[in-house]
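One structure below.
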Amino acid sequence: MSSAERPVRECLLDAAAALLVERGYRAVRMQDVAAAAGVSRQTVYNEFGDKWGLAQAVVVRDNDRYLDGIDQVLSEHEDLYSAVVAAVLFTLEMSADDQLKKAVLTGADGDDMLPLLTTRAEPVLFTASSRLAEHALRQWPDVGRDALVEIADAAVRLTMSHIMLPSGPPEQVAHFVARMVTSYIGAYGKSGGPAADGAVRS
């Protein structure tokens, strides 16, 4: 599909992603993105509001592409433990080669964009946790929704923390996250889940 046939928003996101990697957040101007995409600067503002909104949209789209890959990886495994190991490995290995994530985490202007994956990462975290929980519910329907929603959120946050501050080989991290997920679900099932007041039922 040529650029003329692609949606304007996608062309803008492609242009912005390339410029963010090449120049860093501070050096990218809305008019630069517009010029690269062949549209007016006002079109960029109409789509994203401001430069922060544009950068956030770039990161969210990048995250969606990861989730598409994770959906495929999870579908290739019947048991939950091996599925989590494979999904975490996929995420860590892909992140290591992701130029956009490198720009966010370690680029010259990393401090400007880092909140997109930390203190202002709710759009990314919410989407990732929700999609993973929904996939798990379809693939492992016998596991309770509440347990999957809670542990999916924890697993996403833990994996993201290892992307930002690696603490060991990817294989080791993947098995650690998988043990956490399966142990939590096992304990949740035995206890009947948390009571309404937050206490654990016996």
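The values are calculated or read from the model by the stated rules, or taken from the named source; none is laboratory data. These numbers come from a predicted model, not from an experiment. Here Cβ is always computed from backbone atoms with ideal geometry, including for glycine, and neighbour counts include all displayed protein chains.
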*Name the residue, out of Gln31, Gln42, Gln99, that is farther than 23 Å from Met180 by Cα, modelled with pLDDT under 95 and out of contact with any strand residue (DSSP E or B) (no Cβ under 8 Å at 6 or more places or on another chain).*
Gln99
_Given the options Pro166, Pro141, name the one that is out of contact with any strand residue (DSSP E or B) (no Cβ under 8 Å at 6 or more places or on another chain), assigned to a loop (DSSP other than H, G, I, E, B), closer than 18 Å to Phe90 by Cα and modelled with pLDDT of 85 or more._
Pro166
*Of these, Arg120, Arg131, Arg65, Arg138, which one is touching a helix residue (DSSP H, G or I) at 6+ places or on another chain (Cβ under 6 Å) and charged (D, E, K, R)?*
Arg131
*asked:* Would you confirm, using the coordinates I've provided, whether Val73 is modelled with pLDDT of 95 or more and either crowded, with 21+ Cβ neighbours inside 10 Å or closer than 28 Å to Pro166 by Cβ (or both)?
replied: yes
_Restricting to the range 111-158, name every residue that is among the acidic types (Asp, Glu) and in contact (Cβ under 8 Å) with a residue 24 or more places away in the chain._
Asp112, Asp146, Glu150, Asp153
*asked:* So in the range 76-97, with the set limited to residues that are surrounded by fewer than 18 Cβ atoms within 10 Å (Cβ to Cβ) and within 20 Å of Ala121 (Cβ to Cβ), which one is nearest to the chain's Cα centre (by Cα)?
replied: Met94
*What is the number of the single condition among (1) over 19 Å from Gly168 (Cβ atoms); (2) without any contact (Cβ under 8 Å) to a residue 40 or more places away in the chain; (3) charged (D, E, K, R) that Asp97 does not meet?*
(1)
